[in-house]
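The values are calculated or read from the model by the stated rules, or taken from the named source; none is laboratory data. Only a predicted model underlies this, so the values are computations on that prediction, with no experimental measurement involved. So basically every Cβ, Gly included, is an ideal-geometry build from the backbone, and we count neighbours across all protein chains shown. Calculation scope for accessible area: heavy atoms of the full protein, side chains included, ligands and nucleic acids excluded. Shrake-Rupley method; radii C 1.70, N 1.55, O 1.52, S 1.80 Å.
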Amino acid sequence: MLSKFSHRVILIIVLYLFSQTQAKAVNNSNRTIKIAAIDWCPQLCIDTLNPGYVNEIIRSIYPSNLYKLEVDYFPWSRAIKFVEQGKYDALLSPAKAEAPNLKYPLNAIGTQQMCFFTLKSKQWSFDGSLSLNGMSIGVPRDASIEELNEFMARNIENFQVQTYLSRYVEQNSFKLIKGRLDTFLSTKQTTMYELKRLGLSNKIKEAGCVSKANIYVAFTPLKAKEKYIQELIKRFDKLMPAMSESGVISNIINRYEANN
């Protein structure tokens, strides 16, 4: 049998370990992650009840009992710049070609596909770079259009490069209707979501897409934050595969796609 002294020692050890665990949880709960994002429904939405599936995944990986998430919304180019400068810790959610100076985890958080949109009354559809000759094309600034990036660089006069704001799809849709554009490029999910919201699904159609690209939560390269950022990346790469295998990720995404 254990002596009273032994019981007391064990009790002291248990209480010490518990206090250390609690202290760690308290310290972690005060750790802030400043996130720069864009209004990009259904991936990222300025809506507390339905914040978008990327936001929901991030909140699952960095829960409120461990981290305080501060998400601010900006035009896309500004969001990238703020994270590059270290004013924000993380960016939601670029393809690597859109923000090559940031730090990336091994695992993506989703995919995006840039597609062309035009009037339903038009017969035109995208069929490689030759089909773009003579076209007036709207495109978001600092967005990757994958295999067409080099074509755009060589033929910039064909493109109307615009700051990506929450009104991007709406503005370009009305440019199509007024004949000021032949087509515009935008991510497929967001554009279909916005066309439905604007009541323009009967006037504007998807007209072909470029290849899909992975999107990520990307982190600042600022040296002063390197240790903290590595901890955040390590946690992301540990939890994201497990959440994918368990079906948590697909359940979150499917709920938004069902409402689209």
Considering segment 162-214, residues that are among the β-branched types (Val, Ile, Thr) and part of a strand (DSSP E or B), and then whichever is nearest to MET135 (Cα to Cα), we arrive at THR183
(Q) So for segment 124-145 (the condition being in a helix (DSSP H, G or I), open to solvent by 60 Å² or more (accessible area, probe 1.4 Å) and within 29 Å of LEU92 (Cα to Cα)), does at least one residue qualify? (A) no
Restricting segment 202-221 to residues that are charged (D, E, K, R) and more than 18 Å from the chain's Cα centre (by Cα), the one farthest from SER93 (Cα to Cα) turns out to be LYS203
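Tally time: how many residues in segment 242-259 are assigned to a helix (DSSP H, G or I) and open to solvent by less than 40 Å² (accessible area, probe 1.4 Å)?
Selection size over segment 242-259: 5.
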Those residues of segment 109-123 which are open to solvent by 30 Å² or more (accessible area, probe 1.4 Å) and either of a type in the set (Ser, Thr, Tyr) or under 30 Å from ASP237 (Cα atoms) (or both) amount to THR111, GLN113, SER121
Looking across segment 222-239 at residues that are open to solvent by 30 Å² or more (accessible area, probe 1.4 Å) and under 18 Å from the mean Cα position of the chain (by Cα), the single one that is farthest from ALA79 (Cα to Cα) is LEU239
Within segment 30-77, the residues that are in contact with a Ser or Thr (Cβ under 9 Å, 6 or more places away or on another chain), open to solvent by less than 10 Å² (accessible area, probe 1.4 Å) and either without any contact (Cβ under 8 Å) to a residue 12 or more places away in the chain or not hydrophobic (A, V, I, L, M, F, W, C) (or both) are PRO42, GLN43
Within segment 188-197, residues being among the aliphatic types (A, V, I, L, M) and open to solvent by 50 Å² or more (accessible area, probe 1.4 Å) number 1
Restricting segment 87-119 to residues that are among the aromatic types (Phe, Trp, Tyr) and in contact with a helix residue (DSSP H, G or I) (Cβ under 8 Å, 6 or more places away or on another chain), the one nearest to VAL54 (Cα to Cα) turns out to be TYR104
